[in-house]
There are 2 protein chains.
Amino acid sequence: MKKAAILGVGSELLEGLISNRNAQYLASELKLLGYSVIKIVTVGDVLEDIVKEVRELLSKVDLLVTTGGLGPTMDDLTREGVAEALGRKLYVDEELVRKIRERLSKRFTRIPDSVDRQAMVIEGAQIVENPVGTAPGQMLKVDGRIVLLLPGPPQELIPMFESVKDSLKTNNTFYQITLKYYSLPESLLEDVLRDILYAQRDVTVATMADHVEGVRLRLTTTMDKRHILDEMVEKILERTGDHLYGVNDERLEEVVVKLLKERGKTVAFAESCTGGLLSSTIVNVPGASEVFVGSVVAYDNEVKKKILGVREETLERFGAVSEVCVREMCEGLKKLMGADICLAISGIAGPTGGSPEKPVGTVFIDLFEKEHRTVKYHFSGDRNMIRTRSAMTSLELLRRHLKGV
Amino acid sequence: MKKAAILGVGSELLEGLISNRNAQYLASELKLLGYSVIKIVTVGDVLEDIVKEVRELLSKVDLLVTTGGLGPTMDDLTREGVAEALGRKLYVDEELVRKIRERLSKRFTRIPDSVDRQAMVIEGAQIVENPVGTAPGQMLKVDGRIVLLLPGPPQELIPMFESVKDSLKTNNTFYQITLKYYSLPESLLEDVLRDILYAQRDVTVATMADHVEGVRLRLTTTMDKRHILDEMVEKILERTGDHLYGVNDERLEEVVVKLLKERGKTVAFAESCTGGLLSSTIVNVPGASEVFVGSVVAYDNEVKKKILGVREETLERFGAVSEVCVREMCEGLKKLMGADICLAISGIAGPTGGSPEKPVGTVFIDLFEKEHRTVKYHFSGDRNMIRTRSAMTSLELLRRHLKGV
C-alpha cells in the first residue's frame with residue numbers, strides 16, 4: 001500500500017489561533033484513494049523547519065500534501081521550503097502574475113507588490129488553479145513521489161484537491177458507503193447486524209454516533225471488492241431499511257423536505273423546549289418554503305394558552321410537559337396554520353426544572369395529521385444536546401410518518 | 001522561551017475518522033503558560049512510530065504532551081511507547097487496578113481483564129486522575145523535561161489538563177484578554193485603534209472574525225507587563241466601549257439575556273428568513289424562560305397576514321421584505337404576545353428569491369418597544385451565513401437598545 005503524509009504549515013496553528021480543519025478531510029480522502037497516511041505534522045512559518053520536515057517526510061512516503069503558507073506575505077514560506085528541500089529553483093511565472101493581478105483588480109484599487117510572491121513556481125511543478133482565492137497550488141513529481149502544495153483555507157483547499165485527486169489514485173483505491181440512522185441506537189444496530197458485519201474480512205466497518213447526525217455505519221473495501229460491499233448493503237437494508245434515513249452526505253432535514261415535496265404536504269411546528277431549533281433546521285434547507293408554513297415558539301405557558309388554545313385545566317392537571325398538552329398544542333396549531341401535518345414538542349431541557357416524575361430530558365412529541373401520534377422520550381445530555389435530540393427526533397418521526405412506517 | 005510539542009496517537013486520526021480537537025485547545029493553553037509550541041505531530045497506533053517520535057520530540061522540547069492511546073485495548077500503546085523511548089519500566093499499580101475496577105463495576109456486570117492495562121504506570125510517573133473516564137493520565141520528569149500523557153476524548157482531556165496546568169507554568173506566563181464586537185467590522189476596528197494597537201511592542205494583537213462571534217480582538221502579553229495591557233484595554237474601551245458586547249468567553253446571547261433580566265424586560269420575536277434561529281439561540285441560554293415569551297415563525301406570507309396581521313396591501317405594494325412589513329409584524333406580535341420588546345426579521349436568505357432591487361442578503365429588522373427602530377442590511381455569504389448574521393445582528397440591536405446606545 002502506498003504511503004502518504006500531511007504537512008500543515010502555519011504559526012497560527014501552533015499558537016492555537018485556528019484549528020487544523022484540513023487534516024481530517026485530507027486523511028479521509030487519501031484513504032479512499034488507496035494511501036495509508038502514516039503521519040500528520042504541523043510546523044510554524046520557519047523556513048528551516050519546513051525544509052527539514054519536507055525532507056524527512058519525503059524519505060518515507062509516496063505522496064506528501066502540504067497545506068498553508070502559500071499567501072503573499074513574507075511569512076508564507078512553503079514554496080521556498082519545498083524548493084530548498086528538493087534542491088530546485090523558484091521562478092516567477094509571468095502568466096500567473098498577470099492572472100493574479102487581474103483577479104485582484106476586480107476587487108481592489110491598489111494591489112501590493114507582495115502578491116507577486118504567489119506567482120513563484122517551483123521548477124518542474126504544475127500549477128493547480130485556485131477557483132476561490134488568489135493562492136495557486138502546485139504539484140510536482142520527484143523520483144516517482146508526488147508533492148502537492150495546497151493553500152490553508154478549507155474553502156480553497158477542498159475544490160483544489162477535488163480537481164487533482166483523480167491523478168493521485170493508486171491501484172488500490174477504496175470504495176465506501178455510509179448508512180445513516182436516527183431511530184436505531186449504535187449498540188442495537190451492531191447487535192442486529194453482527195453476523196453480516198463481522199462474518200467477513202473484506203469490508204471494514206466503522207460506526208460513529210452523535211446527536212446531530214445519529215448513527216453512521218461506514219463500510220469500506222477495495223474497489224475490486226465493490227460487489228461484496230454492495231451485497232452487504234443489500235442484506236443490511238433488508239433488516240434495517242425502515243430505519244435508514246440517508247446515505248453518505250444526505251442530511252435528515254433534507255430528506256424530510258424532499259419527502260414532503262414528493263407527497264405534496266405542508267408542515268407547521270409548535271415548539272416549547274426546542275425554542276425554534278426544529279424550524280430553523282428545516283428552514284436551512286434551500287426550498288423549504290415550498291413545504292414549511294411556519295411555527296409558534298410557545299415558550300411561555302401564556303403563549304400556549306392564548307395562541308395555541310391549550311386549556312388552563314390541562315396545564316394545571318398534567319403540566320406543560322405532558323401528552324395532553326402537546327396534543328392540544330398540535331390541535332391549536334392546526335387551526336392557526338392550516339398545515340397538512342402539525343408537530344408539537346414540549347420538554348425539560350434543563351439544567352433546572354426537572355422533578356422525580358419528570359426528570360431533565362423528559363420530552364413529549366406529538367405528530368398530528370389525521371390522528372395523533374404521541375411519543376414520550378428521556379434524552380440524556382446537556383441543555384443543548386437535549387434540544388438537538390428533540391429536534392432531530394421530530395424530523396425522524398416526520399420521515400417515518402411520510403414513509404408510512 | 002521554553003518549547004513544547006504535542007503528539008497525538010491514534011490510527012483513527014490518520015484515517016480521518018475523527019478530527020484532532022485537542023491540538024488547538026492545548027496549543028492555546030500552552031502558549032498562555034509560556035511555551036512556544038514548535039511542532040504538532042500525529043502518528044498511528046504503531047509502537048515503533050510512537051517510540052521514535054517521542055525520542056525525536058523530547059530532544060527538542062521542554063514539555064511533551066501526548067494525547068490518546070491510553071485505553072484498555074491492545075491498540076492503546078502510548079504508555080509502552082513513552083516507557084520504551086525513555087528506557088523506563090512499566091509496572092501495574094494495584095491501587096489503580098482496584099479503583100478502575102470499582103468505577104466500572106457500577107456500570108457493567110462483567111469487566112474484561114484488558115482494563116488492567118490502564119493501570120500500567122511508567123516508573124517515576126505521577127498519576128493524573130481522570131474525573132470523567134477510566135483512563136488515568138501520567139506525568140513524569142526526565143532530566144528537567146516534562147512528559148504528560150493524556151487520553152484522547154476532549155471531555156476527559158480538558159479537565160485533566162486543567163488539574164495539572166499550574167505545575168507546568170514557566171517563569172514567562174502570558175496574560176490575555178479578548179474583546180468582542182458584533183457591530184464593528186474588523187477593518188474599521190483596526191483603523192480606529194491603529195495608534196493604540198501598533199505603537200508598542202509589548203502586547204501582541206490578533207484579530208479574528210466570523211459570523212457567529214463577530215470580531216474578536218485578542219491582546220496577549222507576559223504576566224509582568226499585565227499593567228500595560230490593562231491600560232491599553234482602558235484606552236480601547238474609551239473609543240469602542242459602546243460596541244463591545246463581551247470579554248473572553250462571554251456570548252452575545254448570554255449578555256442579552258442578562259441585560260433583559262437586569263432591566264426586568266421580556267422579549268418576543270417574529271421571524272421570517274431566520275426561521276426560528278434567533279429564538280433558538282436565545283433559548284439555549286439557561287434561564288432564558290424568565291425573559292423570553294415566545295415567537296412566531298412567519299415563513300409563509302399567509303402566516304404573516306393571518307397571525308401577525310400584516311396587511312395584504314403591504315405585501316402587494318412593498319413585499320414581505322420591506323420596512324413596512326417588519327413594522328407590521330412587530331405590531332401584530334406585540335398584540336399577540338404582550339412582550340415589552342418585540343423584534344421582527346424579514347429577508348432573503350437565498351440561494352433563490354433575489355432581485356436587482358432586493359438582492360440575496362437583503363434583510364430588514366425592526367425593534368419595537370415604545371417606538372420603531374428599523375434597519376436594512378445587506379449581508380453576504382451563503383444561506384446559513386445570512387441567517388446567522390441576521391439572528392446575531394438582531395441580538396446586537398437588542399443589546400444596544402437595552403444599553404441605551
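Quickly run through segment B:92-111 and pick out the residues that are in contact with a helix residue (DSSP H, G or I) (Cβ under 9 Å, 6 or more places away or on another chain) and not aliphatic (A, V, I, L, M). Spell out the reasoning first.
Taking segment B:92-111 as the starting set, the residues that turn out to be in contact with a helix residue (DSSP H, G or I) (Cβ under 9 Å, 6 or more places away or on another chain) are B:92-101, B:104, B:111.
Scanning segment B:92-111 gives B:ASP93, B:GLU94, B:GLU95, B:ARG98, B:LYS99, B:ARG101.
Tell me which strands (runs of 3 or more DSSP E) are completely within segment A:86-145 and hold 2 or more residues being assigned by TED's automatic domain parsing to the domain that holds A:PRO159, out of contact with any Pro (no Cβ under 6 Å at 6 or more places or on another chain) and under 18 Å from A:ASP76 (Cα atoms), or say none if there are none.
The strands (runs of 3 or more DSSP E) meeting that bar are A:90-92, A:120-122, A:137-142.
Checking B:GLU190 against (1) at pLDDT 95 or above; (2) surrounded by 15 or more Cβ atoms within 10 Å (Cβ to Cβ); (3) more than 30 Å from A:GLY287 (Cα to Cα); (4) more than 14 Å from every other protein chain (Cβ to nearest Cβ), which single condition isn't satisfied?
Among (1) at pLDDT 95 or above; (2) surrounded by 15 or more Cβ atoms within 10 Å (Cβ to Cβ); (3) more than 30 Å from A:GLY287 (Cα to Cα); (4) more than 14 Å from every other protein chain (Cβ to nearest Cβ), B:GLU190 violates only (1).
Just checking, which of B:THR66, B:THR42 is more than 11 Å from chain A (Cβ to nearest Cβ), crowded, with 17+ Cβ neighbours inside 10 Å and closer than 23 Å to A:GLY8 by Cβ?
Details: B:THR42 fails: more than 11 Å from chain A (Cβ to nearest Cβ).
Testing whether each residue is more than 11 Å from chain A (Cβ to nearest Cβ), crowded, with 17+ Cβ neighbours inside 10 Å and closer than 23 Å to A:GLY8 by Cβ leaves just B:THR66.
How many residues are out of contact with any strand residue (DSSP E or B) (no Cβ under 8 Å at 6 or more places or on another chain), modelled with pLDDT under 95 and either closer than 30 Å to A:ASN171 by Cβ or surrounded by fewer than 19 Cβ atoms within 10 Å (Cβ to Cβ) (or both) when one looks only at segment A:73-114?
22
Report every pair of residues separated by at least 6 positions or lying on different chains whose Cβ atoms are under 7 Å apart, first residue within segment B:1-24 and more than 7 Å from chain A (Cβ to nearest Cβ) and more than 19 Å from B:GLU56 (Cβ to Cβ), second of a type in the set (Val, Ile, Thr) and part of a strand (DSSP E or B).
B:ASN22/B:THR67
Taking A:LEU259 and the conditions (1) crowded, with 19+ Cβ neighbours inside 10 Å; (2) more than 30 Å from A:GLU29 (Cα to Cα); (3) at pLDDT 95 or above, which numbered condition does it fall short on, given that it satisfies the others?
(1)
Mind counting the residues in segment A:257-291 that are closer than 16 Å to B:ASN384 by Cβ and of a type outside the set (A, V, I, L, M)?
8
Pairs only if they're at least six apart or on different chains, beta carbon under 6 angstrom, first in segment A:160-179 and over 13 Å from A:LEU30 (Cα atoms), second of a type in the set (D, E, K, R) and outside any helix (DSSP H, G or I); list them, first residue then second.
Listed by first residue and then by second, the contacts come to A:THR178/A:ARG216; A:THR178/A:ARG218.
Would segment B:255-264 turn up any residue that is within 13 Å of chain A (Cβ to nearest Cβ), closer than 25 Å to A:ILE348 by Cβ and not in a strand (DSSP E or B)? Lay out the reasoning, then the answer.
Filtering segment B:255-264 for residues within 13 Å of chain A (Cβ to nearest Cβ) gives B:257.
Next, only the ones that are closer than 25 Å to A:ILE348 by Cβ stay: B:257.
Those still in the list that are not in a strand (DSSP E or B) too: B:257.
Looking for residues that are within 13 Å of chain A (Cβ to nearest Cβ), closer than 25 Å to A:ILE348 by Cβ and not in a strand (DSSP E or B), one finds at least one in segment B:255-264, hence yes.
Within segment A:276-325, restricting attention to residues that are over 16 Å from B:ARG383 (Cα atoms), touching a helix residue (DSSP H, G or I) at 6+ places or on another chain (Cβ under 6 Å) and small (Gly, Ala, Ser), which residue is farthest from the other protein chains (Cβ to nearest Cβ)?
Taking the candidates together, the pick is A:GLY309.
With the checklist (1) more than 9 Å from chain A (Cβ to nearest Cβ); (2) in a helix (DSSP H, G or I) in hand, flag the one item B:GLU250 doesn't pass.
Tallying (1) more than 9 Å from chain A (Cβ to nearest Cβ); (2) in a helix (DSSP H, G or I), B:GLU250 fails exactly one: (2).
For segment B:144-153, give me each residue that is in contact with a strand residue (DSSP E or B) (Cβ under 9 Å, 6 or more places away or on another chain) and either exposed (fewer than 15 other Cβ atoms within 10 Å of the Cβ) or within 20 Å of B:TYR25 (Cβ to Cβ) (or both).
B:ILE146, B:VAL147, B:LEU148, B:LEU149, B:LEU150, B:PRO151, B:GLY152
Restricting the search to segment A:265-294, which residues are part of a strand (DSSP E or B) and not aliphatic (A, V, I, L, M)?
Within segment A:265-294, the first condition is being part of a strand (DSSP E or B), and the residues that meet it are A:267-271, A:292-294.
Correct list: A:PHE269, A:GLU271, A:PHE292, A:GLY294.
In the set A:PHE379, A:PHE364, which member is aromatic (Phe, Trp, Tyr) and at pLDDT 95 or above? Don't jump to the end; show me each part of the working.
Details: A:PHE379 fails: at pLDDT 95 or above.
After applying the criteria, what remains is A:PHE364.
Check segment A:160-171 and report whether any residue there is assigned to a loop (DSSP other than H, G, I, E, B) and at pLDDT below 90. Spell out the reasoning first.
Applying the first criterion (assigned to a loop (DSSP other than H, G, I, E, B)) to segment A:160-171 yields A:169-171.
Imposing the further condition that a residue be at pLDDT below 90 reduces the set to A:171.
Yes - at least one qualifying residue is present in segment A:160-171.
Considering only residues that are outside any helix (DSSP H, G or I) and either crowded, with 18+ Cβ neighbours inside 10 Å or under 18 Å from the mean Cα position of the chain (by Cα) (or both), which ones fall in segment A:3-32?
From segment A:3-32, those outside any helix (DSSP H, G or I) are A:3-10, A:15-21; that's our starting set.
Answer for segment A:3-32, where residues must be outside any helix (DSSP H, G or I) and either crowded, with 18+ Cβ neighbours inside 10 Å or under 18 Å from the mean Cα position of the chain (by Cα) (or both): A:ALA4, A:ALA5, A:ILE6, A:LEU7, A:GLY8, A:VAL9, A:GLY10, A:GLU15, A:GLY16, A:SER19, A:ASN20, A:ARG21.
Restricting to segment A:235-283, count the residues that are under 17 Å from A:TYR181 (Cβ atoms), of a type outside the set (Phe, Trp, Tyr) and under 25 Å from the mean Cα position of the chain (by Cα). Talk me through it step by step, then tell me what you get.
Of all residues in segment A:235-283, those under 17 Å from A:TYR181 (Cβ atoms) come to A:235-256, A:259.
Now drop any that are not of a type outside the set (Phe, Trp, Tyr), which leaves A:235-244, A:246-256, A:259.
Narrowing the set further to residues that are under 25 Å from the mean Cα position of the chain (by Cα) leaves A:236-237, A:240-244, A:246-256, A:259.
So the answer is 19.
Could you check segment A:324-405 for strands (runs of 3 or more DSSP E) lying wholly inside it with 2 or more residues that are buried (at least 23 other Cβ atoms within 10 Å of the Cβ)?
On the way: elements: A:341-347, A:362-368, A:372-378.
Result: A:341-347, A:362-368.
State whether the residues of segment B:50-60 include one that is surrounded by fewer than 23 Cβ atoms within 10 Å (Cβ to Cβ), outside any helix (DSSP H, G or I) and on the phi < 0 side of the Ramachandran plot.
Yes; the residues of segment B:50-60 include at least one that is surrounded by fewer than 23 Cβ atoms within 10 Å (Cβ to Cβ), outside any helix (DSSP H, G or I) and on the phi < 0 side of the Ramachandran plot.
The values are calculated or read from the model by the stated rules, or taken from the named source; none is laboratory data. Just so it is clear, the structure is predicted and the values come from calculations on it, not from any experiment. In this analysis, Cβ positions are derived from the backbone assuming ideal geometry, glycine residues included, and neighbour counts consider all displayed protein chains.
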